[in-house]
1. Just give me the residues in region 41-69 being in contact (Cβ under 8 Å) with a residue 60 or more places away in the chain and either surrounded by 15 or more Cβ atoms within 10 Å (Cβ to Cβ) or in a helix (DSSP H, G or I) (or both), in sequence order.
2. Out of (1) farther than 18 Å from Arg38 by Cα; (2) exposed (fewer than 13 other Cβ atoms within 10 Å of the Cβ); (3) at pLDDT 80 or above, what's the single condition that is false for Asp132?
3. From (1) in contact (Cβ under 8 Å) with a residue 40 or more places away in the chain; (2) surrounded by 13 or more Cβ atoms within 10 Å (Cβ to Cβ); (3) assigned to a helix (DSSP H, G or I), pick out the condition that doesn't hold for Met24.
4. When you check Arg11 against the structure, is it modelled with pLDDT of 95 or more and of a type in the set (Lys, Arg), yes or no?
Amino acid sequence: MTDKETNELIRGVSRHDRHAQQRMLQSYGSMVFGLVGRIITSQEDAEEVYQDVFVKIFRNIDAYDESKASLATWISRIAYNESVSFTRRNKPPIIYVDDSEVDLESIQDDTLARVFQQQDESTILLIEKALDYLPPEELALITMFYFDDKSIKDIAFITESTPSNVATRLSRTRRKLYRIIKSFKE
């Protein structure tokens with residue numbers, strides 16, 4: 001979508017134009033549902049949050065500031081916040097790996113690289129299973145970086161953090177995933 005088309009879309013949504021809203025859904029719907037669906041595993045709940053995200057986008061489109069982020073990144077921020085808020089309100093407590101008891105910093109980067117670069121089916125299944133043990137915020141970081149190919153700068157905007165904080169959290173979460181995978185093999 002060109003800048004001109006994006007600006008026209010924003011103006012149309014701002015005027016509550018149904019056609020513009022439909023184009024917004026067509027243009028960004030799959031991205032939003034992908035992000036929401038990776039944080040909220042229940043299909044029904046993900047659909048509810050998906051709808052809430054677009055209601056919020058339509059109501060707050062005038063707050064979008066292109067000097068701060070692209071429209072896709074701004075929309076991702078709303079989807080992320082709505083998803084994490086939903087999981088905090090509605091998800092029963094899950095026992096996560098307690099990273100305070102584990103010296104995550106002792107895990108070497110080359111060890112992590114070897115595990116996460118493996119493409120065999122058993123490793124991929126272990127990684128997918130390990131993702132279920134992450135809190136919503138950490139899961140969102142991993143999915144935005146690895147599945148959505150978002151930059152650390154965009155993730156920082158979406159999560160209202162700093163790029164250095166995001167990089168640190170990603171590193172720590174990768175180490176946590178490694179420990180979870182290792183526990184599966186023991």
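1. The answer is Ala69, and nothing else.
2. Of (1) farther than 18 Å from Arg38 by Cα; (2) exposed (fewer than 13 other Cβ atoms within 10 Å of the Cβ); (3) at pLDDT 80 or above, only one is false for Asp132: (1).
3. (1)
4. Against the criterion (modelled with pLDDT of 95 or more and of a type in the set (Lys, Arg)), Arg11 qualifies.
The values are calculated or read from the model by the stated rules, or taken from the named source; none is laboratory data. Not measured: the values here are computed from a predicted model. Ideal geometry is used to build each Cβ from the backbone, glycine not excepted, and the neighbour counts take in all protein chains shown.
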